[in-house]
Amino acid sequence: MSCDPASPPISQSVPDERRCELAEKILGYRFKDRSLLYRALTHPSAVLGEESDESYERLEFLGDAVLGMIISRLVYDRFPHLDEGGMTRIKVALVSGQRLSAIAEELGFSKLIVFGSSEKGTGNRGLVSALEDIYEALVAALTLDGGIDVATAWIERSLGDYISPDLADEPSSPKSLLQETLQMQHVTPTYEVVRTEGPPHRRMFTVNVLASGAVIGQGKGHSKKDAEAAAAAEALKDLTADS
């Protein structure tokens, strides 16, 4: 799968080559390997029965980690007066699925996603979740093609205006509250996807949250971030009951 003009487009609305050109214009970067970019724009519904590496899913996994690292560094450098809890709240607010989806939509990526026929038949019901995944996949594609500095520059351009110390005062999400609670015990929670069910346009993720290697909560959601939030909320409920 690539953005070579000879490759037949999965979606007829935007030819492959034009799709990549438009994406590069938004990103402000020209790819050496455009197949990475095309893959980052490809919804799992477009490659049913093919290798998982043909859609954005593996890139999204990497991009989630890279985005978290870059945002953490930007927040750390910009706000030397903030404690760990405040920095955590800013980070969680910045990488929330709702914010990433809104930014990707505003930038115009909703018109560039390669959807399969199963998703088109639903009226793009999974568009919000897909846009979140696309943002993270693009971070990974930029990192692999151009390096961490290229990815950082784009994150600063697209998310930079939202990096505000005011976010440190916002009510804690379940994930940030759990992290703050466990930090008092010098423990950092980790999340793992243990099950993925349903068709590409209606995925259901099951996520465990672990502390010191032990599962302390489980949650489900139609995006990984929703499932992680549900798992954190479950863990907090149990921790509160035990206290």
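Report the residue count in region 189-212 for those that are out of contact with any strand residue (DSSP E or B) (no Cβ under 7 Å at 6 or more places or on another chain) and buried (at least 17 other Cβ atoms within 10 Å of the Cβ).
Counting residues in region 189-212 that are out of contact with any strand residue (DSSP E or B) (no Cβ under 7 Å at 6 or more places or on another chain) and buried (at least 17 other Cβ atoms within 10 Å of the Cβ) gives 3.
List the helices (runs of 4 or more DSSP H) inside region 54-153, counting only whole elements, that have at least 2 residues being touching a residue at least 12 places away in the same chain (Cβ under 8 Å) and acidic (Asp, Glu).
57-78, 127-146
Among the listed residues GLY121, GLY108, GLY146, GLY160, identify the single one that is modelled with pLDDT under 90, of a type outside the set (A, V, I, L, M) and assigned by TED's automatic domain parsing to the domain that holds TYR76.
Exactly one residue qualifies, and that residue is GLY121.
Checking GLU228 against (1) of a type in the set (Asp, Glu); (2) within 16 Å of the chain's Cα centre (by Cα); (3) farther than 22 Å from LEU131 by Cβ, only one condition comes out false. Which one?
Exception for GLU228: condition (3).
If you check every pair at least six apart or on different chains, which have Cβ atoms under 7 Å apart with a residue in region 173-189 that is at pLDDT 80 or above first and a residue that is assigned to a helix (DSSP H, G or I) and charged (D, E, K, R) second?
LYS175/GLU228; SER176/ARG89
If I ask for residues that are more than 26 Å from MET87 (Cβ to Cβ) and β-branched (Val, Ile, Thr), which ones from region 177-207 would you list?
Within region 177-207, VAL194, THR196, THR206 qualify.
Does THR188 qualify as being polar (S, T, N, Q) and assigned to a helix (DSSP H, G or I)?
Criteria not met by THR188.
Can you name the residue in region 191-221 that is outside any strand (DSSP E or B) and among the small types (Gly, Ala, Ser) and, of all such residues, is farthest from GLY116 (Cα to Cα)?
Start the filter on region 191-221 by keeping residues that are outside any strand (DSSP E or B), which leaves 198-203, 212-213.
Keeping just the survivors that are among the small types (Gly, Ala, Ser) gives 198, 212-213.
Numbers: GLY198: 15, SER212: 40, GLY213: 38 Å.
Among residues in region 191-221 that are outside any strand (DSSP E or B) and among the small types (Gly, Ala, Ser), the one farthest from GLY116 (Cα to Cα) is SER212.
The values are calculated or read from the model by the stated rules, or taken from the named source; none is laboratory data. Since this is a predicted model, take the numbers as computed values, not measurements. No Cβ is skipped: glycine too gets one built from the backbone with ideal geometry, and neighbour counts run over all protein chains shown.
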